[in-house]
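Structure, as structure tokens:
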Amino acid sequence: MSTGFVIPPFETIRTSVVARWKLAFGQNADTSSDSVDGLMIDIITANVYIGYEGIAESYNQHQLGTATGLNIDALIQPLFLIDRLQATPSTCEVQLYGTAGTIIPAISSVSTVDTGASFETTALVTIAATTAAVFVFTALTVPTLITVTIGAQVTPVTTSGAAVDVALAVSNALLFNLNVIDSVQAGVQPDGQAIIYTTMTSTWAFSIVGAGTSYDATTGFTQAQNTGPTIANYGTITRIGTPTTGWFGLTNLVDATLGTNEETDAAYKARHALAVQGRGNATPRGLAGKLRALQGVATVKIYQNTSGFPDAGRPSHSFEAVVDGGASSDIAETIWLSHTTGTQSWGGVSYIVTDLQGLVAQPRLIQFSRPNYRYIHVRLDITPGEGFPLIPLTDIQAMVGQAIETWGNKLGIGRDVYTYEVGVQTGKVLEGIQSIVVNLASTPTPFGAPSFGTSDLVMAELDYARFASTRIQVVIV
């Protein structure tokens, strides 16, 4: 039975026992519970009920529809070799900076500067002279001439203000340096100094005078110390927990790829059901499912152009897989093995895979895209009414911020952000709202200055709305 073994109610069992009792001892036997016979009947009924419980437990735990916990694993894994997905930690690429030659041990502790989320390095890293440089700045109360030299190219800039304002001015000026590919703001150190990360055209020597400090930078990788979806937004992993001489700081230029909790019973059963249904590889849904199963992949969106004409930049008879997270090699290999014949992949990332099916190995070009993060800012102007909670504004801010962040980060790639839906999420955690005005804005980086408006935010096909409670503010009017 799909509902499992159903235990008869206690009274139904007792009625059956009473009938048998009267057949044995006469129809006039007193079977009420306050009689001797009735007490014996109650004891027999209780034992029968316990027996039924044992039968139900045995039956239900051997049927996939009603089994729970490890009994599900025992039913699925030996026959279908489908393991329950275990909990994984969040992971994040980081840039570690300091003195060239400094060795940073594996399992060095670091954390986010805003929430204190704990991460650790996954391998030993040696800071070396690379094509990257990090500059950090304190606030300047008076205009100061700062001169950055990269190779033979000199960039002067005169600026003052808060540390982040100084960093922004220098970062923008460096974009005109011929030996610089890119220069971006990269968060704030725990001591308040602002960080910029500069990518150079070669391993140029670099220096800075007037204000600020420069460091060599090397890429490393971290993972959260606990499993589950530990959040670390762009530019927030900047705190060192286990100091090493010569290591002055770190930052992350991408959001952490979120970890997962252990797969629930319901999700494990659902994934098993999909697997045994044998979904075809050569379908958008099948390809998306295989891409989502790759390690590190957070979400996937497949766009198709089935027409005979170019559409939205995609060639005729093509598809574009937009994948957030995961290794490019794994993604490309999966697309090659799982896409339909007669269609071509398309996207902003190109990768060569090796086709081993023929007599001679052939290189095949696979293309896909990465989402374009749009960092969403929310300001809620709330007029309280009857029943509005009499709690500190900081508590209201935390409740609303967490609710909107959790909801918003599940919207997916290409999904518009509607003011109405943001208001609905607010109403789920706050009672007694007389009126609410939802103001939205988006910036290309988490630290951009938002320009709020009351209109919905329209996302392009590759746009991916990213929410964080630190960018959600509540104003009580």
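The values are calculated or read from the model by the stated rules, or taken from the named source; none is laboratory data. These numbers come from a predicted model, not from an experiment. Cβ placement follows ideal geometry from the backbone for every residue including glycine, while neighbour counts extend to all protein chains displayed.
Checked against (1) under 24 Å from Arg466 (Cβ atoms); (2) without any contact (Cβ under 8 Å) to a residue 40 or more places away in the chain; (3) in contact with a Lys or Arg (Cβ under 6 Å, 6 or more places away or on another chain), Val322 meets all criteria but (2).
For the stretch 307-359, the set of residues classified as of a type in the set (A, V, I, L, M, F, W, C), out of contact with any Gly (no Cβ under 7 Å at 6 or more places or on another chain) and not in a strand (DSSP E or B) consists of Phe309, Ala312, Ile331, Ala332, Ile335, Trp336, Leu337, Trp346, Leu356, Leu359, listed by residue number. Residues in the stretch 145-178 that are part of a loop (DSSP other than H, G, I, E, B) and surrounded by fewer than 20 Cβ atoms within 10 Å (Cβ to Cβ): Gly151, Ala152, Ala162, Leu175, Phe176, Leu178. Which of the residues spanning the stretch 118-168 are of a type in the set (Ser, Thr, Tyr) and within 23 Å of Asn233 (Cα to Cα)? Ser118, Thr121, Thr122, Thr138 - these are the residues of the stretch 118-168 that are of a type in the set (Ser, Thr, Tyr) and within 23 Å of Asn233 (Cα to Cα).
Residues that are outside any helix (DSSP H, G or I), basic (Lys, Arg) and either on the phi > 0 side of the Ramachandran plot or touching a helix residue (DSSP H, G or I) at 6+ places or on another chain (Cβ under 7 Å) (or both) do occur in the stretch 276-284. It is to be established whether one or more residues within the stretch 204-213 are in a strand (DSSP E or B) and either in the same structural domain as Val297 (by TED's automatic domain parsing) or crowded, with 19+ Cβ neighbours inside 10 Å (or both). Yes, the stretch 204-213 contains a residue that is in a strand (DSSP E or B) and either in the same structural domain as Val297 (by TED's automatic domain parsing) or crowded, with 19+ Cβ neighbours inside 10 Å (or both). Condition check for Thr126 on (1) of a type in the set (S, T, N, Q); (2) surrounded by fewer than 22 Cβ atoms within 10 Å (Cβ to Cβ); (3) farther than 20 Å from Thr222 by Cα: one failure, at (3).
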